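Taking it in order: structure first as structure tokens, then the write-up.
Here, each number is a calculation from the coordinates, and none is a lab measurement. Predicted, not measured: the structure shown is a model, and the values here were computed from it. Neighbour counts run over all protein chains shown; Cβ positions are idealised from the backbone, glycine included.
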Amino acid sequence: MTALATHTLANGVCVQVAHSPLWRSCGVGVFVRWGSAHESRALSGIGHVLEHMAFKGTATRDARRINLDAERLGAEVNAHTDKDHTAYHMLGLPQHAPRFVAMLGDIVRHATLPPAELARERQVLLHEFAEDEDDPLATAFKLFDRCCFGLHPAAQPVIGTRANIERFTRAELLAHLARGYTGCNVVVAAAGAVDADAVLRAAEAAFGDMARGTPNVVEVPAYEGGIRTKAQEGSSQTHLVLGFPLPALRAADASGLVAAAVLGEGMSSPLLDTLREQRGLAYYAACSADLLDMCGQFVVEASTGPRSLDELLAATLGLLRRQAERVDAVDLERAQRQLAVRALRREERPLQVLEDAALDWFALARVRSRAERAEAVAAVSGEQVRSAFERMLAHEVALAVSGKVERGTRERLRQIAARVLS
């Protein structure tokens, strides 16, 4: 990572600047520690609605002007909501970075949430909800989160529920904004060949009078495990997502990250080589370590034909068992070098650099350097990876299946998991 300078305003807003003359473009982001995991069941999805509505008008600009101001500078402006944070960001020319800070500050601080716009955007959100609901793999991931964390907010989908989208009021959105968008929960960041002093002045002007607030923390969810299935009409494939708990991002433990790469990073990995190349059980399979501030998940996903599901599950769980017994040195070497290259590629994307740094700040109250991240991955031994798999398998597997699902699938999968993992 390019050297990153950090400054904290009097009200707790963290200003981060990653200066690099090598980037021809720049990224500017405002990251708020306020995501779907911070929402009660009654408010599930409200942060995603708020993120949409923030672009529908401010005290001085309407929705068209917000987009036009960015596009006249050749810039892109967008946002996304996640479980642990919401991000507003712009990508453009370095000399415009202070203006981007001001524009994003206007969106984040002064959104008016016009009632007429809310009525229109509600329909857009319902279309998005329907598309998400029709996606079998998205459905499998939602079931998987429920398997992992039950009724804890960390298991709630970012998009929320249809009923909530239909009923949220402007007053509820304004109250949610006021509760969570506070100084100690905000990072304002810029990356590129930018003027760091100018960015800091712009951040002070746009965010310096924001109320400090208190940290938005989420109670650590208890991992549950279990099996959930959902048949969906029109699906010809079956989609499987399975996994186990990992330490949260705040633990700064790289063993789960390396374990995921050992099992499923690249076509020569045990997961892809066995499932696809040797046995033809799946066209698509992947493995990842998803680390949030409050929890972590080791995730394996695959898509297959319904007749191959049982064999696919048995083979995948068998691979996990073997990794818990022994990790091959060549797989460890491959995984660590792939992670090193992946980290370098992330550093070529300014907005990714900023988001990684902001999430570090929220979880650790500091930002890890490139060297620290690389050293943490390189220091993980084969025995540590093996132990990570062993710890995972001490828990009940979380397993979700969607798409074309036959009757009796849940009980069959339960028997397979018990047989392979016993």
Sparse-neighbour loop sites [GluC sites (Glu not before Pro); the range 183-249; at most 16 other C-beta within 10 Å; DSSP]: Glu219, Glu233
Under DSSP loop assignment and at most 16 Cβ neighbours within 10 Å, longest trypsin sites (Lys or Arg not before Pro)-free interval of the chain: 73-211
Net charge contributed by nearby residues that have their C-beta within less than 14 Å of Val353 (K/R +1, D/E -1): +2
Helix-only [θ]222 nm of the chain, DSSP H runs n ≥ 4, -39500 (n - 2.57) each, per residue, nearest 500: -14000 deg cm²/dmol
On Cα atoms only, tilt of 196-207 relative to the major axis of the chain in degrees: 80 degrees
Extent along principal axes [Cα atoms of the chain; Å; largest to smallest]: 63, 47, 36
Semi-axes of the equivalent ellipsoid for the range 226-421, Cα gyration tensor, largest first, Å: 30, 18, 16
The range 1-32-the range 365-409 distance, computed between alpha-carbon centres (Å): 30 Å
Between 0 and 90°, nearest 10: helix 309-325 axis offset from the chain longest Cα axis: 90 degrees
Cβ-defined net charge surrounding Thr214, 12 Å radius [Lys, Arg +1; Asp, Glu -1]: +3
Nearest 10 degrees, 0 to 90: helix 255-264 Cα axis against the chain principal axis: 60 degrees
Residues of type lysines that Lys142 reaches as a straight line, Cα spacing below 26 Å, ignoring anything fewer than 8 places off in the same chain: Lys83, Lys230, Lys404
Extension gain (nm, one decimal) between Ala116 and Arg167, 0.36 nm per residue minus Cα-Cα: 16.9 nm
